[in-house]
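A.B. asks: Sharing a structure with you now.
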Amino acid sequence: MCLTCGCGEGDVTIDGQTADPEHQHVGADGIVYRHVHAHPHGAAHAHSHAPGTSPTRSLQIERDILARNDAFAADNRRAFERQGVLALNLVSSPGSGKTTLLVRTIEALQGKTSLAVIEGDQQTSLDAERIRATGAAAVQINTGKGCHLDAQRVQQALPKLALPPNALLFIENVGNLVCPAAFDLGEACKVVILSVTEGEDKPLKYPDMFSAARLMLLNKCDLLPHLDFDVARVIENARRVNPTIEILQVSARSGAGMQAWLDWLAGELAALSVGCARGDDAVRRPQL
Ligand SMILES: Nc1nc2c(ncn2[C@@H]2O[C@H](COP(=O)(O)OP(=O)(O)OP(=O)(O)O)[C@@H](O)[C@H]2O)c(=O)[nH]1
Ligand SMILES: [Mg+2]
């Protein structure tokens, strides 16, 4: 459960299979309840929990959830560093163009870089199918009522990908500019995608996401001639919440700006291999 928005954690699947047959949830008394469902997911629970949780208790539960997530994220990060894998967590509101951008990126990197994708959506495997159509490996995590990926689910999905050393791992998070900001997946960094149809004010309205990201991709720039979107203003707003954020303007549709994004990826991969060669654990720490 995510206390930021109260979303549920049940019914998570990885490539269609139940991720955790042992169901777990936090009762109003703050206790984590674990049980194996004897009934189908979605059916009413045989047991109940007292309604109402004090604000102090809620805060403690939220801390516990995030601490548990951070432990899995630290494991993931160690595994990525050991294998020399560059993991990027792609975050945005729904429909900013994450999958379109990934498809185009994969096409450009074909034969040059090993890569794989973890797709996160509440329902459907549509995005994983779009990725697999390029020939790249993809795993679909369906979060059910959840509004973000968490590090444990990513860890469970990794064995399905068999990533070679020096590979790129793209993790397309559930479309949501709020909760994914709080959940470290063990990535090298978050890349936030904002499309020009969303408005220049989004970095100010959702500052946690823009301050957690190292790079902002401003997508759908092919539409700029048809909009009154002010690029200078969105850059100013993004830098107001995160003075060091890098920003690239792209169009996944026309391909404009894609080379700069590919150069950025190449730079990150090169920095990773230098860090690995030096045994420098801290080289790829995320900016949170
Ligand atoms: N004009 C234009 N349309 C784009 C661009 N990138 C994506 N789109 C369109 O935007 C819509 C959403 O694209 P997706 O790639 O599915 O977006 P997404 O962020 O993966 O969406 P979710 O996974 O549902 O959050 C589709 O109709 C795409 O064709 C772009 O650069 N320019
Ligand atoms: Mg998508």
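Every number here is computed from the coordinates shown, using simple stated rules; none is lab data. Predicted, not measured: the structure shown is a model, and the values here were computed from it. We place every Cβ from the backbone using ideal geometry, glycine too, and count neighbours over all the protein chains shown.
A.B. asks: Could you tell me the calculated FRET efficiency between Arg63 and Ala256, based on Cβ-Cβ distance and R0 = 30 angstrom, to the nearest 0.05?
C.D. replies: The formula returns an efficiency of 0.10 here.
A.B. asks: I would also like to ask the following. Could you work out how much longer the chain between Asp75 and Arg239 gets when fully extended? Use 0.36 nm per residue separation minus the Cα distance between them, nm to one decimal.
C.D. replies: That works out to 55.9 nm of additional length.
A.B. asks: Arrange Ser273, Ser92, Ser125, Ser54 by Cβ neighbour counts within 10 Å, fewest through most, would you? The partial results should precede the final answer.
C.D. replies: Details: Ser273 14, Ser92 28, Ser125 19, Ser54 10.
Lowest to highest Cβ neighbour count: Ser54, Ser273, Ser125, Ser92.
A.B. asks: Just to verify a number: FRET efficiency for Ser273 and His226, C-beta to C-beta distance, R0 = 45 Å, to 0.05?
C.D. replies: Using R0 = 45 Å, I get an efficiency of 0.60.
A.B. asks: Once label points are set 7 Å from the Cα along Cα→Cβ at both Thr18 and Ser54, what is their separation, rounded to one decimal in nm?
C.D. replies: The two pseudo-label positions are separated by 3.6 nm.
A.B. asks: Next question, about the same structure. Say each of Ala133 and Ser114 gets a label point 7 Å from the Cα, pointing the same way as Cα to Cβ; how far apart are those two points in nm?
C.D. replies: 2.7
A.B. asks: By how many nm would the segment from Lys145 to Glu107 lengthen if fully extended, with 0.36 nm per residue of separation less the alpha-carbon distance?
C.D. replies: The Lys145-Glu107 span can extend by a further 10.5 nm.
A.B. asks: Whole-Hz ³J(HN,Hα) for each residue in the range 205-216, computed from phi via Karplus 6.51 cos²θ - 1.76 cosθ + 1.60 with θ = phi - 60°, x for glycine and proline: what do you get?
C.D. replies: Computed from phi, the couplings for the range 205-216 are 7, 10, x, 4, 5, 6, 7, 7, 8, 8, 10, 10 Hz.
A.B. asks: For the range 166-175, take each phi angle, set θ = phi - 60°, evaluate the Karplus expression 6.51 cos²θ - 1.76 cosθ + 1.60, and give the result in whole Hz per residue in order, putting x for glycine and proline.
C.D. replies: With the stated coefficients, the range 166-175 comes to 6, 8, 9, 10, 9, 10, 8, 6, 4, x Hz.
A.B. asks: Enumerate by residue number the trypsin sites (Lys or Arg not before Pro) in the range 86-153 meeting two conditions: DSSP loop (anything except H, G, I, E, B), and at most 13 other Cβ atoms within 10 Å of the site's Cβ. The partial results should precede the final answer.
C.D. replies: Details: sites: Lys98, Arg104, Lys112, Arg130, Arg132, Lys145, Arg153; in loops: Lys112, Lys145.
When the trypsin sites (Lys or Arg not before Pro) of the range 86-153 are filtered for loop state and at most 13 Cβ neighbours within 10 Å, Lys112 remain.
A.B. asks: For the range 171-200 and the range 123-139, compute the distance between their C-alpha centroids and round to whole Å.
C.D. replies: Comparing the Cα centres of the range 171-200 and the range 123-139, I get a distance of 19 Å.
A.B. asks: Follow-up. Semi-axes of the equivalent ellipsoid for the range 68-278, please: Cα gyration tensor eigenvalues, times 5, square-rooted, ordered largest first, whole Å.
C.D. replies: 25, 19, 18
A.B. asks: Show which lysines lie in cross-link reach of Lys220 when reach means a straight Cα distance below 17 angstrom and same-chain residues fewer than eight apart are skipped.
C.D. replies: Lys98, Lys202
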